[in-house]
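**Q** First the structure, then my questions, so here it is.
Every number here is computed from the coordinates shown, using simple stated rules; none is lab data. The model shown is predicted, which means the values in this text are computed figures rather than measured ones. Cβ atoms come from the backbone with ideal geometry, glycine included; neighbour counts cover every protein chain shown.
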Amino acid sequence: MKATRKDIIEFTALMARESSIKSDTYSLTESLDRLCKLAKEYHTLAEAACNYELTPRQESRVANIEREAIRICAAMEVHVNPVFQNDPRGAPIKLQVPSGRTNDFGRIGIVVPF
């Protein structure tokens, strides 16, 4: 599922209401844009894992994506917890925010568009 401009704007607006960034290195939009790119790559790897066994390099990339997403979320002022899903039929990364706001059918968190 390719993220539309509307999906990305909605995601940015929801997250802007929830948090701000501590670090000067990343602005909120740069961080959210990076999370979208990570979600897309994570989804591609989930599709690959569904079709065949991942190579050690791909497994390493999955772990690196998870670490980077956690690092980006840790830089946000409020506690944002990333939730990873390896099923290619759904959203690969969702963000649990303190307010409990969700926009997914499972009511887990805010979907990172991919």
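**Q** Given points 7 Å out from each Cα along the Cα-Cβ axis, report the ALA3 to GLU53 separation in nanometres with one decimal.
**A** 3.3
**Q** Right, next: Can you show me the helix-derived [θ] at 222 nm for the chain, built from DSSP H runs with n ≥ 4 at -39,500 (n - 2.57) apiece and divided by the number of residues, rounded to the nearest 500.
**A** -17000 deg cm²/dmol
**Q** A further question follows. Which one, CYS50, CYS73, CYS36, has the greatest fluctuation when you compute a Gaussian network model over the chain with C-alpha springs under 10 angstrom?
**A** CYS50
**Q** Once you keep just the Cα pairs under 8 angstrom separated by 6 or more residues, what percentage relative contact order results for the chain?
**A** Reported relative contact order: 31 percent.
**Q** Tell me which residues come under 5 Å, amide H to amide H, from ILE110 once H is placed; ignore anything under 5 positions away on its chain.
**A** LEU95, GLN96, VAL97, ASN103
**Q** While we're on this one: Once Lys and Arg get +1 and Asp and Glu get -1 on their Cβ, which of ALA46, ALA16, SER27 lies farthest toward the positive end of the dipole of the stretch 5-111?
**A** ALA16
**Q** From largest to smallest, what semi-axes in whole angstrom does the stretch 5-111 give when each is the square root of 5 times an eigenvalue of its alpha carbon gyration tensor?
**A** With the √(5λ) rule applied to the stretch 5-111, the semi-axes are 24, 16, 12 Å.
**Q** Now a separate question. If we sort 76-83, 93-100 on the protection proxy, mean other Cβ atoms within 10 Å, highest first, what's the order?
**A** 93-100, 76-83
**Q** Expressed as an acute angle from 0 to 90° and rounded to the nearest 10, what is the orientation of the C-alpha long axis of helix 28-51 relative to the principal long axis of the chain?
**A** Relative to the chain, helix 28-51 is tipped by roughly 20 degrees.
**Q** Continuing with the same structure: Please list, in order along the stretch 9-14, the HN-Hα scalar couplings obtained from phi with the Karplus expression 6.51 cos²θ - 1.76 cosθ + 1.60 (θ = phi - 60°), rounded to whole Hz, x for Gly and Pro.
**A** 5, 4, 4, 4, 5, 4
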